[in-house]
1. On the basis of being in a loop (DSSP other than H, G, I, E, B), free of Cβ contacts under 8 Å to residues at least 60 places away in the same chain and either under 30 Å from residue A:68 (Cβ atoms) or away from chain B (no Cβ under 14 Å) (or both), does residue A:176 make the cut?
2. Go through the residues of segment B:219-233 one by one and say whether even a single one is within 14 Å of chain A (Cβ to nearest Cβ), under 28 Å from residue A:108 (Cα atoms), among the small types (Gly, Ala, Ser) and touching a helix residue (DSSP H, G or I) at 6+ places or on another chain (Cβ under 8 Å).
3. Of all residues in segment B:88-98, which are under 30 Å from residue B:12 (Cβ atoms), surrounded by fewer than 23 Cβ atoms within 10 Å (Cβ to Cβ) and touching a residue at least 24 places away in the same chain (Cβ under 8 Å)?
4. Can you pull out the residues in segment B:196-221 that are in a loop (DSSP other than H, G, I, E, B) and closer than 17 Å to residue B:164 by Cβ?
5. Just to verify a result, which residue in segment A:365-375, among those that are part of a strand (DSSP E or B) and of a type in the set (S, T, N, Q), is nearest to residue A:392 (Cα to Cα)?
6. Select from segment B:34-69 the residues that are acidic (Asp, Glu) and either within 13 Å of residue B:84 (Cα to Cα) or part of a helix (DSSP H, G or I) (or both) and list them in ascending order.
7. Can residue B:299 be described as out of contact with any helix residue (DSSP H, G or I) (no Cβ under 6 Å at 6 or more places or on another chain) and more than 27 Å from residue B:260 (Cβ to Cβ)?
8. Taking interchain pairs and intrachain pairs at least six residues apart, which have beta carbon atoms under 6 angstrom, with the first residue in segment B:12-41 and small (Gly, Ala, Ser) and the second surrounded by fewer than 17 Cβ atoms within 10 Å (Cβ to Cβ)?
2 protein chains.
Amino acid sequence: MAVTLLDTPYDDLETRSADARAAAQAKALAAVLTEAKRTSFYFSRALADIDLDAVHGPADLTKVPVTRKADMAALVQKNPPFGGLATAVLKPARVFASPGPIYEPEARRDDFWRYARALWATGLRPGDLLHNCFAYHFTPAGAMMEAGALSLGASVFPAGTGQTDQQVEAAAALKPAAYSGTPDFLRTILEKAEAHGADLSSIRMAHVTGGALLPDTRAFYDARGTAVMQSYGTAELGLIAYESPAHDGLIVDEGVIVEIVAPGTGDPVADGEAGEVLVTLLDTAWPLLRYATGDLSSRLPGTSSCGRTGPRIRGWLGRADQSTKVKGLFVHPHQVAELRRRHPEILHARLVIGREAGADTMVLQIETETAEPSFTATVADSVQTVTRLRAKVERVAPGALPHDGKTIVDTRDYRHG
Amino acid sequence: MAVTLLDTPYDDLETRSADARAAAQAKALAAVLTEAKRTSFYFSRALADIDLDAVHGPADLTKVPVTRKADMAALVQKNPPFGGLATAVLKPARVFASPGPIYEPEARRDDFWRYARALWATGLRPGDLLHNCFAYHFTPAGAMMEAGALSLGASVFPAGTGQTDQQVEAAAALKPAAYSGTPDFLRTILEKAEAHGADLSSIRMAHVTGGALLPDTRAFYDARGTAVMQSYGTAELGLIAYESPAHDGLIVDEGVIVEIVAPGTGDPVADGEAGEVLVTLLDTAWPLLRYATGDLSSRLPGTSSCGRTGPRIRGWLGRADQSTKVKGLFVHPHQVAELRRRHPEILHARLVIGREAGADTMVLQIETETAEPSFTATVADSVQTVTRLRAKVERVAPGALPHDGKTIVDTRDYRHG
């Protein structure tokens with residue numbers, strides 16, 4: 001049966017069956033794992049004890065260790081500039097610097113970051129001009145959008161950030177069909193244009209990321225008839241997921257495998273539950289395997305009503321890294337996960353940090369069906385072993401805790417170093 | 001006889017004979033003229049009365065009308081965004097905006113601006129990393145360097161301008177072999193690095209343009225052992241001329257034809273004399289024919305001691321456009337040129353603007369061999385006809401005026417609108 005799309009697919013990868021996708025990704029993953037283990041300084045060590053023959057495809061990824069964005073600055077310090085993650089295949093075209101500092105390579109390849117797919121879903125077509133308001137200096141957002149637009153045959157005005165008056169002047173003369181940038185900046189430009197009497201009616205679509213698209217801004221664009229699509233991506237990974245005209249969640253890019261795991265772990269959460277976004281980039285030059293982004297999202301059931309068959313996630317739901325200091329010691333989500341591993345009777349747990357009479361307090365809320373009276377005392381001992389801090393342990397009914405990916409909740413009204 | 005170069009040529013165009021170059025450029029010029037007349041809105045009019053069959057090569061370019069950068073803003077206003085100059089062949093990749101505003105296209109082609117040649121002569125080689133401190137937003141300087149570096153197989157860090165501390169941090173980690181940017185900024189970065197104890201010894205060459213390389217800055221780089229090469233280019237034209245390790249003038253790029261003319265005219269000056277730089281870009285998509293840059297330079301005799309056989313010019317010698325207002329009326333270099341056309345007895349002329357007793361004054365200094373007593377009065381009448389202003393005419397001995405491209409010299413100690 002032919003798949004009918006609301007719009008036009010960028011290529012036939014978007015409409016393949018789940019089985020065809022899994023098979024193709026299994027093959028790509030095998031090549032990536034092999035190259036990573038063979039020639040990446042970092043992964044040759046990380047994968048030393050992993051039997052690659054036992055990883056038959058995306059479903060076996062849990063056998064592969066997690067690499068954390070939170071650890072990248074330290075890795076880079078030890079092995080500049082790429083933390084030893086790149087393989088011998090990498091021949092960089094551009095290289096970038098992000099806060100950390102972390103350095104990201106662009107492999108010498110057309111549309112390395114795969115943004116053409118997201119821009120196509122936004123409606124960008126060959127011959128269209130994209131007014132690109134992402135920065136080109138240091139960080140790769142500007143280059144990502146540009147490479148995607150050029151790859152699909154569109155033209156690009158590298159506008160960068162700021163300079164609103166000049167943005168209006170240039171857009172009035174160049175008549176771009178599309179904008180890319182943060183969700184708010186186009187509104188700033190359009191409002192300034194109206195104040196100046198400049199005609200920017202050529203801009204009929206926008207691809208936005210890097211910030212929240214708030215309802216009143218969405219309503220402003222809707223009222224103007226501007227089609228606005230969002231995407232989720234990072235400087236190291238490029239495109240992770242993108243919106244289509246169905247506005248029915250973010251569809252995962254065909255070049256990555258996304259897992260949603262309990263924050264601080266590599267353990268998948270139940271379908272639909274919020275968790276940390278783990279991305280495997282299917283790239284032999286830059287093999288980011290189970291890369292923990294530190295971002296929260298959740299999987300959406302089924303597929304998009306636009307007809308694209310890929311898995312979907314919700315947008316960005318917050319930061320997954322809830323590490324914080326209590327009485328001068330760090331507590332981490334992976335410590336909460338460790339408690340659940342030690343006590344399988346804990347169905348779900350949440351560590352609530354508070355402050356009382358000038359001192360930090362910790363309460364571990366646990367969902368459990370165990371009636372055993374001594375269970376909370378046993379768990380409290382484990383908390384002390386794992387965190388070197390005391391906590392009060394509170395039983396709650398199964399299902400009582402919100403499943404929003406938050407493992408540590410800090411209720412103190414100030415943060416202390 | 002094989003040509004021996006001080007360094008290695010980028011390609012064999014650089015070492016071809018003058019005849020081979022003229023023949024190849026004649027062929028390219030014919031194609032450009034034909035396409036321009038056929039499909040460029042602007043050039044189809046500008047070339048309407050020109051018999052293209054009579055233009056047999058670079059030597060016949062004087063038959064083609066001059067297009068002035070000074071007129072571009074007005075042309076752009078009438079026909080945005082490119083003033084009607086582009087041909088039907090143009091499929092833009094990126095488009096840029098420069099003050100004016102003028103908009104410049106990049107045709108969809110590898111190294112459209114031809115900067116690979118200049119960077120190669122600087123010493124950049126495949127696998128080297130270029131720390132590129134030109135801006136990428138709005139104007140094309142950043143993209144020009146980047147396209148050249150990527151085209152020759154080097155990598156690029158798009159650093160942009162400013163952020164000196166972060167520039168030092170990134171360069172220390174990325175270990176670039178080369179810098180590109182304005183002449184002074186690398187010194188700022190290196191001095192900051194020294195203050196921070198950061199090791200930037202990886203940077204062993206620099207390609208600089210967009211400003212004067214002053215002797216003490218040159219000495220700073222020399223003392224450090226940094227090879228510094230300059231180039232001359234513009235946003236519309238890309239590379240015009242570049243320095244080689246011989247430091248023996250700027251060698252004209254193989255993709256353009258350069259003429260040196262009396263400012264405000266299309267008339268070539270005598271060899272070695274300063275004049276306005278007129279550039280013909282041999283590009284069927286963006287056929288800038290005899291484009292008057294408004295810059296002054298002069299031709300150097302012979303060829304570079306590095307072995308490259310192309311024509312050479314000195315660096316930038318100032319602005320050619322010396323138009324100024326006298327008693328509320330503009331006087332232009334082309335009006336001075338018109339006086340020389342009317343009176344062939346004038347070998348050389350210079351209009352000196354001054355101020356005396358609260359009023360503007362004009363003195364036309366003329367080199368002439370005519371002994372005829374009434375000649376100065378005749379010329380004074382012509383000045384009034386051509387400029388609608390009175391001038392005192394002063395005879396000077398042939399050779400007495402400096403041949404520095406200055407046709408109008410304003411000695412008033414303030415400028416008035």
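The values are calculated or read from the model by the stated rules, or taken from the named source; none is laboratory data. In this text the structure is predicted, and so the values were computed from the model without any measurement. No Cβ is skipped: glycine too gets one built from the backbone with ideal geometry, and neighbour counts run over all protein chains shown.
1. Spelling it out, it is not the case that residue A:176 is in a loop (DSSP other than H, G, I, E, B), free of Cβ contacts under 8 Å to residues at least 60 places away in the same chain and either under 30 Å from residue A:68 (Cβ atoms) or away from chain B (no Cβ under 14 Å) (or both).
2. Scanning segment B:219-233, I find no residue that is within 14 Å of chain A (Cβ to nearest Cβ), under 28 Å from residue A:108 (Cα atoms), among the small types (Gly, Ala, Ser) and touching a helix residue (DSSP H, G or I) at 6+ places or on another chain (Cβ under 8 Å), so the answer is no.
3. Those that are under 30 Å from residue B:12 (Cβ atoms), surrounded by fewer than 23 Cβ atoms within 10 Å (Cβ to Cβ) and touching a residue at least 24 places away in the same chain (Cβ under 8 Å): B:89, B:90, B:91.
4. B:197, B:198, B:199, B:200, B:203, B:211
5. Taking the candidates together, the pick is A:365.
6. Correct list: B:35, B:53, B:60.
7. Spelling it out, it is not the case that residue B:299 is out of contact with any helix residue (DSSP H, G or I) (no Cβ under 6 Å at 6 or more places or on another chain) and more than 27 Å from residue B:260 (Cβ to Cβ).
8. Here the result reads B:22/B:57; B:26/B:57, each pair linking segment B:12-41 to a residue that is surrounded by fewer than 17 Cβ atoms within 10 Å (Cβ to Cβ).
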